[in-house]
1. Show the residues, 5+ positions off or on another chain, whose built amide H is closer than 5 Å to the amide H of Gly79.
2. Here are several values of P(r) over Cα pairs in 10 Å bins from 0, in percent: (i) 13, 34, 35, 16, 3, 0; (ii) 17, 54, 26, 3; (iii) 15, 42, 33, 10, 0. Which one was derived from the coordinates shown?
3. Run the reach check for Lys25 against lysines, Cα to Cα strictly under 19 Å, same-chain hits fewer than 8 apart removed. What comes back?
4. Ranking request for peptides 81-92, 56-67: highest mean number of other beta-carbon atoms within 10 Å first, then the rest in descending order.
5. Please turn the phi angles of the range 60-70 into ³J(HN,Hα) values with the Karplus equation 6.51 cos²θ - 1.76 cosθ + 1.60 (θ = phi - 60°), one per residue in order, whole Hz, x for glycine and proline.
6. Cut-off 10 angstrom, C-alpha nodes, Gaussian network model of the chain. Which of Glu68, Glu40, Glu80 fluctuates the most?
Amino acid sequence: MLVDVREGSEFQQGRIPGAVNMPFKSHPDALSLSDEVFEETFEFQKPATTDAVVIYCGIGLRARKAAEEAERLGYKDVGEYQGSFKDWVERGGEIQR
């Protein structure tokens, strides 16, 4: 699962194709929510602690904090996209709007 932890307004301006939005700044406790509340809040299914999750943000700062929080909560396969969305854009990656 590819997770964009930027705020909703940033996500709407452009994202990596296939990414889902879980804004870390406004919802740092997102992964500790119940499955039902998570899905109601974010409109996608909460990842299981055994799912592979790759997190990115604008430049990498929020992604690092979100990855640390996920690992603290028991997520086993968490990765960060180093350089995040900025790197994606600079490398000419497709942007979904």
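1. Residues meeting the criterion, in which the H sits 1.01 Å from N, are Val53, Val54, Ile55.
2. Recomputing P(r) over Cα pairs in 10 Å bins from 0, in percent here gives the entry labelled (ii).
3. Within the straight-line cut-off, Lys25 pairs with Lys46, Lys65, Lys86.
4. Numbers: 81-92: 14.7, 56-67: 19.9.
The peptides rank, most packed first, as 56-67, 81-92.
5. Couplings: x, 5, 5, 4, 4, 5, 5, 5, 4, 5, 4 Hz.
6. Of Glu68, Glu40, Glu80, the Gaussian network model singles out Glu40 as fluctuating most.
Any read-out appearing in this document is the output of simple, stated calculations on the displayed coordinates, not a laboratory observation. Remember, predicted model here, so these are calculated numbers, not experimental data. Don't worry about glycine lacking a Cβ; one is built from the backbone with ideal geometry, like all the others, and counts go over all protein chains shown.
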